[in-house]
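Q: Okay, handing you the structure first.
The values are calculated or read from the model by the stated rules, or taken from the named source; none is laboratory data. Predicted, not measured: the structure shown is a model, and the values here were computed from it. Heads up, the Cβs are rebuilt from the backbone with ideal geometry, glycines too, and the neighbour counts pull from every protein chain shown. These area figures cover heavy atoms from the full protein model, side chains too; ligands, DNA and RNA do not enter into them. Shrake-Rupley method; radii C 1.70, N 1.55, O 1.52, S 1.80 Å.
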Amino acid sequence: AQSVTQLGSHVSVSEGALVLLRCNYSSSVPPYLFWYVQYPNQGLQLLLKYTTGATLVKGINGFEAEFKKSETSFHLTKPSAHMSDAAEYFCAVTGAQGGSEKLVFGKGTKLTVNP
Amino acid sequence: GAVVSQHPSRVICKSGTSVKIECRSLDFQATTMFWYRQFPKQSLMLMATSNEGSKATYEQGVEKDKFLINHASLTLSTLTVTSAHPEDSSFYICSASRDSSQPQHFGDGTRLSIL
């Protein structure tokens, strides 16, 4: 069984500041981890994924995440926030590469970027 | 690449009617499609997994006679909400993947409102 915990349902940062969105997971098998972004009234867009190999994963729009097995974490970061980053972010886990197996999502973190 | 189209984007209808939502993979063949439901300010909950040419696998607590899923081809899956009632109002999102080695790609969702 798998689960995801996203710490902080709301995160607010100033434009240009560091973005840090936290995700901890639980998995009985080696996890595959994902971050998705959702803009209002839209579906989800894949930001980045970790499957195997390098634990620091770079994604689109300047985001990156680091898989830390010892901490069961997969936190999402971006060095400098932009107004367009304001959205809902979901961390998800699966026991496969997310293709044919279901994703288990966290409850989401709403990111607000202040001018 | 990897575009998933969902139609319609918004539906408003009277209680008791049936509503069909389509999910199409536009530039790839999807052996597996997933249907999710998202309540306001909440995460995505998987409703069912749809495999081309076979019956859908429903998650616990999801009424298969209420939410009919058909995956007749490698590019199309449909979700029919039968005899819809106000409590069925929600945001429904589909996703699709080429195969188990590829991540899921999401449609833009359908906002269903039952009056």
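Q: Assess whether A:Val13 counts as being surrounded by 12 or more Cβ atoms within 10 Å (Cβ to Cβ), touching a residue at least 60 places away in the same chain (Cβ under 8 Å) and more than 14 Å from every other protein chain (Cβ to nearest Cβ). Write out each step before concluding.
A: Numbers: surrounded by 12 or more Cβ atoms within 10 Å (Cβ to Cβ): yes; touching a residue at least 60 places away in the same chain (Cβ under 8 Å): yes; more than 14 Å from every other protein chain (Cβ to nearest Cβ): yes.
So A:Val13 fits the description; yes.
Q: Which condition number in (1) open to solvent by 40 Å² or more (accessible area, probe 1.4 Å); (2) more than 13 Å from every other protein chain (Cβ to nearest Cβ) is the one that B:Ser54 fails?
A: That leaves (2) as the condition not met.
Q: So the check is Cβ under 7 Å with 6+ separation or different chains; which pairs have a first residue in segment A:34-50 that's more than 7 Å from chain B (Cβ to nearest Cβ) and a second one that's open to solvent by 60 Å² or more (accessible area, probe 1.4 Å) and of a type in the set (A, V, I, L, M, F, W, C)?
A: Note: pairs meeting the criteria are A:Leu47/A:Ile60.
Q: Pick from segment A:64-115 the residues that are assigned to a strand (DSSP E or B) and among the polar types (S, T, N, Q): which of them is nearest to A:Tyr36 (Cα to Cα)?
A: A:Thr109
Q: If I go through segment B:103-113 residue by residue, how many of them are in contact (Cβ under 8 Å) with a residue 60 or more places away in the chain and either more than 17 Å from the chain's Cα centre (by Cα) or in a loop (DSSP other than H, G, I, E, B) (or both)?
A: 4
Q: Among the residues of segment B:84-94, are any outside any loop (DSSP other than H, G, I, E, B), among the acidic types (Asp, Glu), more than 8 Å from chain A (Cβ to nearest Cβ) and open to solvent by 70 Å² or more (accessible area, probe 1.4 Å)?
A: Among the residues of segment B:84-94, at least one is outside any loop (DSSP other than H, G, I, E, B), among the acidic types (Asp, Glu), more than 8 Å from chain A (Cβ to nearest Cβ) and open to solvent by 70 Å² or more (accessible area, probe 1.4 Å), which makes the answer yes.
Q: Failed condition for A:Leu7, given (1) more than 10 Å from every other protein chain (Cβ to nearest Cβ); (2) of a type outside the set (Ser, Thr, Tyr); (3) touching a Lys or Arg at 6+ places or on another chain (Cβ under 9 Å); (4) open to solvent by less than 20 Å² (accessible area, probe 1.4 Å), with all others met?
A: (4)
Q: Could you grab the pairs with beta carbons closer than 9 Å, sequence gap of 6+ or different chains, first residue in segment B:15-32 and free of Cβ contacts under 8 Å to residues at least 40 places away in the same chain, second one outside any strand (DSSP E or B)?
A: Within 9 Å, the pairs are B:Asp27/B:Gly1; B:Asp27/B:Ala2; B:Asp27/B:Val3.
Q: OK, next. Could you look through segment A:34-63, keep only residues that are in a strand (DSSP E or B) and farther than 21 Å from B:Gly107 by Cβ, and pick out the one that is most open to solvent (accessible area, probe 1.4 Å)? Full working, then the answer.
A: First pass over segment A:34-63, keeping only residues in a strand (DSSP E or B): A:34-38, A:44-50, A:56-58.
Add one more test, that the residue is farther than 21 Å from B:Gly107 by Cβ, and what stays is A:50, A:56-58.
Numbers: A:Tyr50: 23, A:Leu56: 84, A:Val57: 19, A:Lys58: 146 Å².
Restricting to residues being in a strand (DSSP E or B) and farther than 21 Å from B:Gly107 by Cβ, the top hit is A:Lys58.
Q: Go through segment B:95-115 and give me each residue that's at the interface with chain A (Cβ under 7 Å from one of its Cβ atoms), touching a strand residue (DSSP E or B) at 6+ places or on another chain (Cβ under 7 Å) and open to solvent by 50 Å² or more (accessible area, probe 1.4 Å).
A: B:Asp108, B:Arg111, listed by residue number.
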